[in-house]
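To keep things clear, I will list the structure first and then write my remarks on it.
The values are calculated or read from the model by the stated rules, or taken from the named source; none is laboratory data. Fair warning: this is a prediction, and the values are worked out from it, not measured in the lab. Methodologically, a virtual Cβ is constructed for each residue, glycine included, from the backbone with ideal geometry; neighbour enumeration extends over all protein chains shown. We work out accessible area using only protein heavy atoms, side chains counted, and drop any ligands, DNA or RNA first. Shrake-Rupley method; radii C 1.70, N 1.55, O 1.52, S 1.80 Å.
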Amino acid sequence: MSGKDLDAIFEEVQKPARYLGREINVVRKDPSRVKTRLALVFPDLYEVGMSHLGLKILYGLANQREDVYAERFFAPAGDLEKLLRQRGIYLFSLETHTPLQSFNLVGFTLQYELSYTTILKMLSLGGVPLQTAQRKEEDSFVLGGGPLALNPEPLAPFFDFFVLGDGEDVLPEILNKYASWKKGAGSREAFLLDLAGIPGIYVPSFYEPLYDGEKFNGVKCLKAAAPLPVKKRVVNDLENTFYPESFIVPYMDVVHDRAILEIFRGCSQGCRFCQAGYIYRPVRERSVAKLKGQARAIIRQTGWDEISLSSLSSSDYSQIEELIAGLQQEFAGRHVRLSLPSLRADPFSLHLADKVQEKRAGGVTFAPEAGSQRLRDVINKGITEKEILAAAEQAFITGRSHIKLYFMLGLPTETEEDLWELVRLVEKISALRQLAGKRRHSLRIVVSASTFVPKPHTPFQWEPQLKMAEVKSRQQFLREQLRKIKGVQFTWPAAEMSFLEAVFSRGDRRLAAVLEKAVALGSRLEAWSDRFDFALWEEAFAGEKVDPCFYAYYKPALDDPLPWDHLSSGVANKYLQKEYEKAYRAEVTPDCRREGCQGCGLQNCPLKQVKKNVPL
Amino acid sequence: MYPYRLCFCKEGALRYISHLDLQRTFGRALRRTDIPVAYSRGFNPQPRLRFALPLALGVEGKNEYLDLDLSAPLQENIIKETLNAQLPAGLRVKNVSAVESSQPSLSSLVQAALYVVDLSVCPADLSRGLNSLLQAQELFVERRGKKGTRKIDIRPFIHRLEIRKQEKGEALLMLLAAGSRGSARPQEVLALLPARGFKDKIYRADLFVFRAGELETPGGVSVERYVEVFYGKENCD
Ligand code: SF4
């Protein structure tokens, strides 16, 4: 694209900073001097995608190589999309403003189901043929990674291959294979066959799903080279694996505009609804010394004034107090704030939060997930009401302005009594506001109740979502009850959005046609509630004669084949079944880092040796 | 506290970052250096930076100003060079000078700004349009604000409008009142003129303050002399 065309675009769009690609620490290379051009695509707006750690890791890692140039793509906002169409311009990269179709490898991150239509939209705006079957020798290879790659079946016809597990472990091997394939100029299939031999690579066209009427009935392997199952890849040595230090610093305000320090990966709590808790096993930590060094380098190279400690549950980092003290010492007097997201709802976590926030004016967020102890036991959320109340009490005494409470609605076995318990819990927390003295009138409690979405590779993969009408009536119930409590504000996402998530979460390849249809009807950026259009989806399902309710509500038997059985997270199916049965008995499974290995089936787990009752 | 006044330009792709983005960019660039920046007090301490006058998105600035407080004195050229090493292409500090700490900051002093539109060809009806604007007693434009649309007379805020020869072709100069005492925006004036296609070629050449009854740049060049000598030679690169 000429500089003039580009300027014309920048003049006309509302936020040109989204597309400039001239940020601090952006990697500049001469594209004609590299062998492989890699597009790293986040299927959402710049401000969302630039907050994502995985993208930054892969960008830094790939660009370390001289033979590769990795560039970024984000979903265009509505105004840019219109201009691209009107002017016949292809969706372009941020770094060199090159069309997507000119990239050898086009990698999407698969973070949420509602981004699927945006992915298809971006491929078509970028001039890449939508279906793998339509792609010719010179066309890009389209790949996907991230959590949803562990059940990417609804996307199967559009992707040449998927990467299961930790991408930084697999990407160098893909790039090597690509370089040698390009030199030999073999067929597309030859490259894919070669890739299929890399652990963690899933080439969907090498597997054919079988159906028995409506019922999914397993897959057939079409190539001898295609492994069954495909196993997730794991970075074993997180301490010494690549981690970026010169993060790109956005000009515009993005969702998380700060340094990210990944303190550990994985989580050993074993909440039964949580996909991340299963697919990112085992827990791997970085040392305090390593993290301090990384923090110093990142701040030096970015100039950010905030560091966020990233993990699935910050308070579970084994040396969290030492780390916080160490970072505070490192940045003393330099005006660098620390933030601790993903805190457990217990007094220890609040104690940590108080440590990093000298002025405690802000709020804290807790996720009890369920209102009653019985239901918390069902989902294995290891937190008691006593702990929640103690944490809330401390929060109000120490001067917090608000508490956010995250719950999930429609969890397996949930009854009206559980919802009443939720209301009573909020009432008890509200009553604690008086501890804050005069300030109590301005204290807010924000209650948010999302709808349970059953996820593959969790014990609840065999559970249907609660029927939409019932979801709405429970939302209504909570709305009415919570309205009566002083200082409480209640928010909930649209039931229709959660319904669609459930449809695609446990979906199979028959849903691909629906995605294409929805894009044709105009679906885009549906993860933004203001753009979500359920009527459009109803039309797309009807048009393709696919019943979405089948997917959201099916309840397979424990030994039925599931559409993602050929993809392995490393956790044994037997273990998930056991956890499922324990859930129905409201029986908890302890944290394997505290109480010893629970036998989840993971091979080469470094934690298996952990003795019982060793304090963390 | 040791205040310094920085003159910088904002050009090229960087004209598409907002004023807020610009503030963040300077704050972070400073943090990547060892310059002893003074911070504000309070819950969320920020580097003490005061920009003279926000620049609209998409408009280049050839001579923009900001006042920066340091907690210890530092040589001007060291500030300039250290900071320039950290600024992205398109942002560049041109000059740094220490100012008296008793001096009010520039943002409270700026009274006018000179906008320039490069004209590759000068449409004949443009000069006629200029004359009729200058002869008008009042010029009402609609301005959207927080409380809905208001009509305001921008005629008193147009100090000067003229076409000048420059190295390449001609230029339309607009000296417009700026700051808190009332202002006219360049786009408002252009909208009243009978020519199109200005949008991508506009830039702000400099800012002016009143000293002894006369408008001059913060560096002390009178507006008369400024226009005569012409900013064109003072370009960034
Ligand atoms: S193998 Fe044992 S220790 Fe390792 S994650 Fe599974 S349950 Fe925990």
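Numbers below:
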quantity: Spans of helices (runs of 4 or more DSSP H) in the stretch A:1-67 with at least 1 residues within 25 Å of A:Phe141 (Cβ to Cβ) and either within 14 Å of chain B (Cβ to nearest Cβ) or free of Cβ contacts under 8 Å to residues at least 12 places away in the same chain (or both); calculated: A:46-49
quantity: Residues of the stretch B:84-122 satisfying the condition of being more than 29 Å from B:Ser222 (Cβ to Cβ) and touching a residue at least 60 places away in the same chain (Cβ under 8 Å); calculated: B:Leu87, B:Pro88, B:Ala89, B:Gly90
quantity: Residue check, A:Ala557 within 14 Å of the ligand (Cβ to nearest atom) and away from chain B (no Cβ under 14 Å); calculated: no
quantity: Cross-chain or 6+ apart pairs with Cβ under 6 Å, the stretch A:580-602 first and assigned to a loop (DSSP other than H, G, I, E, B) and among the aliphatic types (A, V, I, L, M), then open to solvent by less than 30 Å² (accessible area, probe 1.4 Å) and near the ligand (Cβ under 8 Å from one of its atoms); calculated: A:Leu602/A:Arg281; A:Leu602/A:Pro282
quantity: Selection from the stretch A:535-573 of residues that are in a helix (DSSP H, G or I) and within 20 Å of A:Ile379 (Cβ to Cβ); calculated: A:Ala552, A:Tyr553, A:Asn573
quantity: The stretch A:604-616 - residue that is within 8 Å of the ligand (Cβ to nearest atom) and assigned to a loop (DSSP other than H, G, I, E, B) and, of those, modelled with the lowest pLDDT; calculated: A:Val610
quantity: Top-ranked residue in the stretch B:8-26 [being more than 10 Å from chain A (Cβ to nearest Cβ) and open to solvent by 40 Å² or more (accessible area, probe 1.4 Å); ranked as nearest to the chain's Cα centre (by Cα)]; calculated: B:His19
quantity: Yes/no for A:Arg188 being in contact (Cβ under 8 Å) with a residue 60 or more places away in the chain, more than 14 Å from every other protein chain (Cβ to nearest Cβ) and touching a Phe, Trp or Tyr at 6+ places or on another chain (Cβ under 8 Å); calculated: no
quantity: Residues that are aromatic (Phe, Trp, Tyr) and touching a strand residue (DSSP E or B) at 6+ places or on another chain (Cβ under 9 Å), drawn from the stretch A:160-215; calculated: A:Phe161, A:Phe162, A:Tyr178, A:Phe191, A:Tyr202, A:Phe206, A:Tyr207, A:Tyr211
quantity: Wholly enclosed strands (runs of 3 or more DSSP E) of the stretch A:198-304 bearing at least 3 residues open to solvent by 40 Å² or more (accessible area, probe 1.4 Å) and away from the ligand (no atom under 16 Å from the Cβ); calculated: A:207-212, A:215-221
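Per-residue answers, yes or no, for (1) within 14 Å of chain B (Cβ to nearest Cβ); (2) away from the ligand (no atom under 16 Å from the Cβ); (3) charged (D, E, K, R):
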| position | (1), (2), (3) |
| --- | --- |
| A:Leu511 | no, yes, no |
| A:Ala520 | no, yes, no |
| A:Asp533 | no, yes, yes |
| A:Tyr551 | no, yes, no |
| A:Pro561 | no, yes, no |
| A:Ser569 | no, no, no |
| A:Ala586 | no, yes, no |
